[in-house]
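Below you'll find the structure, written out as structure tokens, and then a few comments.
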Amino acid sequence: MGNLLDLRVLHVRLASRALAAAVLLLAGAPPTVRAQPACVVLDTELQGAYEGGCAGGKAEGHGTAKGSATYTGEFHQGMKQGRGVKTWPWGDRYEGEFVEDYKEGWGVYTWGTRTLFAGDRYEGGFARDMRNGFGLYTWASGDSYAGPWKDDAVTGLASPMMIARFRATNAAMEGLAKPGTKVCHESSLGVGVSTASQGETQEVSMSARQVRVKITKIGRSLVVAGVPLAVGDVVWDDPLNWIPCN
């Protein structure tokens with residue numbers, strides 16, 4: 001009976017020591033770090049990751065947000081506000097002012113290599129994401145227009161180059177409007193070297209001033225808006241890049 005009592009006392013002492021050790025261990029452990037809630041960025045193109053200032057659970061102050069696009073600049077209540085730079089994977093880039101997530105104020109927009117407007121550049125006023133006020137548009141060719149804009153449309157006197165291009169585009173679209181028209185595209189491979197590809201027209205868009213072409217033959221290479229194409233691909237392109245085949 002005495003041995004049994006001694007064992008019970010021993011078990012109680014061991015349990016007490018284990019409990020005391022656990023209490024001491026917990027007391028000396030650093031406090032648990034709670035993960036901060038995600039800082040909200042309202043632009044749906046930027047909702048992958050965010051680093052920067054945060055207030056009330058929303059991006060605030062200077063920060064960088066990444067998603068299908070990337071932005072570095074100022075935020076207010078989760079929206080792009082102030083100066084910043086936004087870029088897209090096809091190469092487009094805007095640097096300038098934002099108000100409540102819109103391009104608003106003065107800014108510079110350049111078109112990337114993977115667009116139909118590769119090399120073009122606009123510097124001037126913006127309102128609600130559209131070109132408004134005075135702006136300078138420079139084509140990759142070096143021609144330019146400087147004057148007033150209203151909701152992305154030129155409202156000033158068109159330059160001779162703009163008039164000539166407008167007429168040439170209209171003429172090209174008329175010649176390519178019939179579906180199935182066989183068209184040719186000549187690509188330069190360097191000084192004095194070129195290669196020809198062929199396609200068939202699918203449709204034209206008068207509003208976008210583009211033609212939709214199905215590729216039927218590739219020369220040595222064919223690149224449209226920075227993207228290499230293959231036989232069977234269908235692409236929208238500038239109608240001035242295609243002419244009816246002889």
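Mean sequence separation of contacting Cα pairs (under 8 Å, at least six apart), scaled by the length of the stretch 114-215, corresponds to a relative contact order of 15 percent.
Listed by chain and number, the aspartates and glutamates placed with their C-alpha closer than 17 angstrom to that of LYS217 are GLU186, GLU200, ASP233, ASP237; residues fewer than eight positions away on the same chain are left out. With Cα atoms as the point set, the radius of gyration and Dmax of the stretch 126-175 evaluate to 12.4, 37 Å. For LEU222, nonlocal amide neighbours, meaning residues 5 or more places apart or on other chains whose placed amide H falls under 5 Å from its own, are LEU229.
The distance between label points at GLU174 and ALA158 comes to 1.4 nm (points 7 Å beyond Cα on the Cα→Cβ vector). Taking K and R as +1 and D and E as -1, what net charge do the other residues with C-beta under 12 Å from the C-beta of TRP111 add up to? Summing Lys and Arg as +1 and Asp and Glu as -1 gives +1. Here the relative contact order of the stretch 44-162, from alpha carbon pairs under 8 Å that lie six or more residues apart, stands at 12 percent. Put simply, the amide H of LYS103, placed in the peptide plane, has neighbours under 5 Å in ASP129, leaving out anything fewer than 5 places away on its chain. Legend: distances between Cα atoms for LYS66/LYS150; LYS66/LYS103; LYS150/LYS178; LYS178/LYS214; LYS58/LYS80; LYS86/LYS214; pairs beyond 23 Å are LYS66/LYS150; LYS150/LYS178; LYS86/LYS214. Where a ≥ b ≥ c are the square roots of the eigenvalues of the C-alpha gyration tensor, would you call the stretch 171-244 rounded, which needs a/c under 1.5, or, failing that, prolate if a/b is larger than b/c, or oblate? Prolate shape, in that a/c is at least 1.5 and a/b is the bigger ratio. Gap in Å between the Cα centre of the stretch 85-129 and the Cα centre of the stretch 169-246? Here the answer is 27 Å between Cα centres.
Between ASP233 and ILE215, the built amide H atoms are under 5 Å apart, and every one of these is 5 or more places off in sequence or on another chain. What fraction of the Cα pairs in the stretch 44-162, stated in percent, has a spacing above 20 angstrom? Percentage above 20 Å: 46.
Each value in this text was obtained by applying a stated rule to the coordinates, not by laboratory testing. Predicted, not measured: the structure shown is a model, and the values here were computed from it. Cβ sites come from the backbone with ideal geometry, for glycine too, and all protein chains shown count toward neighbours.
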